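A quick write-up on the structure given underneath.
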Amino acid sequence: MKKHWKFFLACGLVLTFAALAEPPEALAQRGTVEGSVSLDGKPVNKAVIRFENLGRAGKPIEAKTNKKGRFNRYFIPIGRYKVSIFIDDSKVWENTIDVCSPKSECLGGKESRVLPPIQLRTSSGPSGAQQEAYDKLNQEFQRGRDMFKKKNFTMAAQAFEKAAEMDPNQHMIHAFLGDTYRRMRKYDQAVDSYQKALTALAKKNPNPNSEVAYTTSMAVALAMGGKGKEAYATVENISELAPKQLSSSYFKIAAAYVTTGRLKEAVEAFRKSLADNPNNGEAQYQLAVTLVSMATVTDDGETIPAPGTLEAYQRYLEIEPMGSHAAEAKTMITALSSKVKTTFSAEEERKKKKN
């Protein structure tokens, strides 16, 4: 009787959402690889997973599976790796994977991404049909990623749709499809894809980080589609999964509102982020910047700052007096303080004339 080896690998990038734009590359030079190994449907304990960096010399990085057959290896330098799996000192599988770079679009917060499953045999390797199916699936998935990187979202969507049809149980493929639809401004379809990603994830060993990431992405798509109430209701699910990430999720909704020009809604979302974490300096600064954009101009050409603008910058300096935006905040505080005095003086003059 031949033994069947089934491997499920995941590689992804750990990112920090630090601003409205994509995070700087300097913040994202390490990735995470995690997954599980099973033999005939049973988890394999103490299987060794070895990562050899193909771009630089050095000692290989290793991880071992636990009693549930799971493994994870954090803080792996980004790059291309030869990955080998050993069971009882025998190499049973070898392949090349990428620990994604920031430009790969393999992101979405602090979560892992799941590669299509790999099914192997201990003797002659994967069967012809299995290998062919996997190759086709992986080909479409990689084509989708390549098109996404090139911002050819129409072609990317076609590739991811085809891959999802080949194996609808791969939550990562649905998530990438959701990201693609979102870039195409097809928000309802994006929401549907994220829901499928969550459904597929629940059928496997649920990954809380992935669940939070997909839930947040779905909330962002809802917000960008003008469904604010649904977006907030979706984000509330995160309070039970990962309460420490709730502020970050609200921040991402606020960023989505800024992107779509809904500044009033963005202010509300930034304030929700700060209500959950009053010391979120980035949210506080972006709140101030958004309020600046909401200034009004009178018929006389006078610029009136939105209420709370000055206080927002002052609060940022209280949180991060030496923060990366401190210089800009101080400049704006000086300008706004002068504006307040000028407006006050003008108002006093008008009162005197009336009297």
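The values are calculated or read from the model by the stated rules, or taken from the named source; none is laboratory data. Owing to the predicted nature of the structure, the values given are computational and were not obtained by experimental measurement. Note that we place each Cβ from the backbone using ideal geometry, even for glycine, and neighbour counts take in every protein chain shown.
Check off (1) touching a residue at least 60 places away in the same chain (Cβ under 8 Å); (2) in the same structural domain as PHE148 (by TED's automatic domain parsing) for ALA190 and give me the number that stays unchecked. Failed condition: (1).
Could you please let me know if ALA221 is assigned to a helix (DSSP H, G or I), buried (at least 18 other Cβ atoms within 10 Å of the Cβ), in the same structural domain as TYR194 (by TED's automatic domain parsing) and touching a residue at least 40 places away in the same chain (Cβ under 8 Å)? When the stated conditions are applied, ALA221 passes them. Of the residues making up the range 162-205, those that are of a type in the set (Asp, Glu) and at pLDDT 90 or above are GLU165, ASP179, ASP188, ASP192.
Of all residues in the range 284-308, count the ones that are in contact with a Pro (Cβ under 9 Å, 6 or more places away or on another chain) and surrounded by fewer than 20 Cβ atoms within 10 Å (Cβ to Cβ).
Adding up the residues that qualify gives 4.
When each of MET155, MET147 is tested for being at pLDDT 90 or above, in contact with a Ser or Thr (Cβ under 9 Å, 6 or more places away or on another chain) and farther than 25 Å from ALA223 by Cβ, the lone residue that passes is MET147.
Which one of the conditions (1) of a type outside the set (S, T, N, Q); (2) part of a strand (DSSP E or B); (3) under 23 Å from ASN207 (Cβ atoms) does LYS46 fail to meet, given that it meets all the rest? All conditions pass for LYS46, except number (2).
The residues of the range 71-99 that are touching a Cys at 6+ places or on another chain (Cβ under 8 Å) and within 15 Å of GLY35 (Cβ to Cβ), listed by number, are ILE97, ASP98, VAL99.
Report whether or not SER248 is part of a helix (DSSP H, G or I), surrounded by 18 or more Cβ atoms within 10 Å (Cβ to Cβ) and polar (S, T, N, Q). Judged against the criteria, SER248 is a match. Does VAL212 qualify as being at pLDDT below 90 and closer than 25 Å to GLY35 by Cα? It is true that VAL212 is at pLDDT below 90 and closer than 25 Å to GLY35 by Cα.
So, in the range 293-315, of the ones that are among the aliphatic types (A, V, I, L, M), assigned to a loop (DSSP other than H, G, I, E, B) and within 21 Å of GLY281 (Cβ to Cβ), which residue ends up nearest to the chain's Cα centre (by Cα)? Of everything passing the filter in the range 293-315, MET294 is nearest to the chain's Cα centre (by Cα).
Can you name every one of the strands (runs of 3 or more DSSP E) wholly within the range 73-140 that holds 2 or more residues which are at pLDDT below 70 and closer than 25 Å to MET166 by Cβ?
118-121
Considering LYS42, LYS59, LYS46, the condition of being under 16 Å from ASP88 (Cα atoms) and modelled with pLDDT of 85 or more is satisfied by LYS46 alone. Answer yes or no as to whether VAL212 is β-branched (Val, Ile, Thr) and either free of Cβ contacts under 8 Å to residues at least 24 places away in the same chain or within 17 Å of SER273 (Cα to Cα) (or both). Taking the combined requirement at face value, the residue satisfies it.
From the residues in the range 141-157 that are without any contact (Cβ under 8 Å) to a residue 24 or more places away in the chain and assigned to a loop (DSSP other than H, G, I, E, B), which one is farthest from PRO168 (Cα to Cα)?
The selected residue is LYS150.
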